[in-house]
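Asks: If you scroll down you'll find the structure; I have some questions about it.
Throughout, read-outs are computed from the coordinates displayed, never taken from laboratory work. Note that the structure is a prediction, hence the values are computed from the model and not measured.
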Amino acid sequence: MKKGPTIYPHSPDVTQNYSYMPYFKSLFASQSELGKPVTVGKTYTNAFFDDLAPVHYFFTYIAGFLSGGWYGGKGTQLNAQQKRPYKIYADKNGCCSFKNNPAAKIPSGYYRYIVSPKGGLYIFGADPSLFHNSIRGSQPVQCAGSLYIDSGFITRIDNSSGHYRPSRSQFMRTLGGLYAARFVDDGTKVFTLNANSFFPIRHNHEGAIDELITSGVIQIPQPWQATHAIHNKMKQRL
């Protein structure tokens with residue numbers, strides 16, 4: 001008999017601090033670490049503030065410098081307002097559109113993506129000035145990688161980001177949140193990259209979302225309503 005999804009209670013933790021190379025954060029991070037404080041009383045489907053993926057200093061700066069921008073690099077660093085056009089929204093059927101232009105369908109094709117701590121999904125195409133670390137101004141993310149959109153629906157997703165190198169566990173947790181937020185569905189194909197190797201190039205096909213939910217690899221977080229306590233803790237970190 002098919003096993004149902006594992007749904008777990010979720011209370012975000014905002015006490016974890018993230019390590020950066022000396023001066024790296026002050027030089028390149030143009031946004032607050034966890035984003036603006038949550039709105040008290042608002043329900044968040046997929047917000048996570050602990051075990052985030054910070055920028056990988058070598059691939060974000062050293063490798064880009066040594067290769068003349070061919071492999072890695074700092075890229076354009078966006079502020080909170082500049083990143084808004086890249087944020088997407090999923091309707092009740094899971095069809096995605098850019099949040100600032102919901103009437104326009106996203107063209108089919110491959111995109112790079114990041115998921116912010118509060119659960120926002122941002123995508124961008126082949127812009128040579130933008131890297132994964134560009135969208136959040138080199139601040140930590142839940143996950144980053146590539147995805148494929150077909151007629152507005154995300155049909156394939158992976159964790160292939162040299163700038164953030166998210167782990168498999170970070171990726172699977174993010175997928176549970178994206179599923180709860182309707183960005184991915186049962187049929188979305190999942191691939192992982194081995195982030196333990198220095199140059200991770202092999203994609204491993206993990207299966208479809210429904211298979212990973214059934215096996216318990218992906219678990220679904222319960223929606224969380226923002227509290228005054230979390231809002232105040234985030235405000236102190238600005």
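Asks: What relative contact order, as a whole-number percentage, does segment 97-206 give when Cα pairs under 8 Å and 6 or more residues apart are counted? List each step's numbers first, then the result.
Replies: Values: 194 pairs, mean separation 23.0, N = 110.
Relative CO of segment 97-206 lands at 21 percent.
Asks: A follow-up question, please. Hey, which of these cross-link pairs are over 27 Å Cα-Cα: Lys42/Lys99; Lys189/Lys233; Lys42/Lys74; Lys105/Lys233? Could you put the intermediate results ahead of the total?
Replies: Numbers: Lys42/Lys99 18 Å; Lys189/Lys233 37 Å; Lys42/Lys74 34 Å; Lys105/Lys233 38 Å.
Checking Cα-Cα distances, Lys189/Lys233; Lys42/Lys74; Lys105/Lys233 exceed 27 Å.
Asks: Sticking with this one: Give, in nm to one decimal, the length gained when the segment between Lys99 and Ala229 is fully stretched (0.36 nm per residue of separation minus the Cα-Cα distance).
Replies: On the way: separation 130, 0.36 × 130 = 46.80 nm, distance 2.87 nm.
Difference between extended and current length: 43.9 nm.
Asks: Express in nm, to one decimal, how much length is gained between Asp210 and Ser169 on full extension, taking 0.36 nm for each residue of separation and deducting their alpha carbon distance. Don't skip to the end; give the middle numbers.
Replies: Numbers: separation 41, 0.36 × 41 = 14.76 nm, distance 1.69 nm.
Contour length minus Cα-Cα distance gives 13.1 nm.
Asks: Oh, and also: How high is the relative contact order of the chain, in percent, with contacts defined as C-alpha pairs under 8 Å that are six or more residues apart?
Replies: 28 percent
Asks: Just to be sure I understand: of the beta bridges DSSP finds with both ends in segment 120-238, what percent are antiparallel, rounded to 5?
Replies: On the way: 9 of 12 bridges.
So the antiparallel bridges in segment 120-238 amount to around 75 percent.
Asks: Now for a different question. Taking square-rooted eigenvalues a ≥ b ≥ c of the alpha carbon gyration tensor, is the chain rounded, prolate or oblate, where a/c under 1.5 means rounded and, failing that, a/b exceeding b/c means prolate? List each step's numbers first, then the result.
Replies: Working: a/c = 1.40, a/b = 1.14, b/c = 1.22.
The shape class here is rounded.
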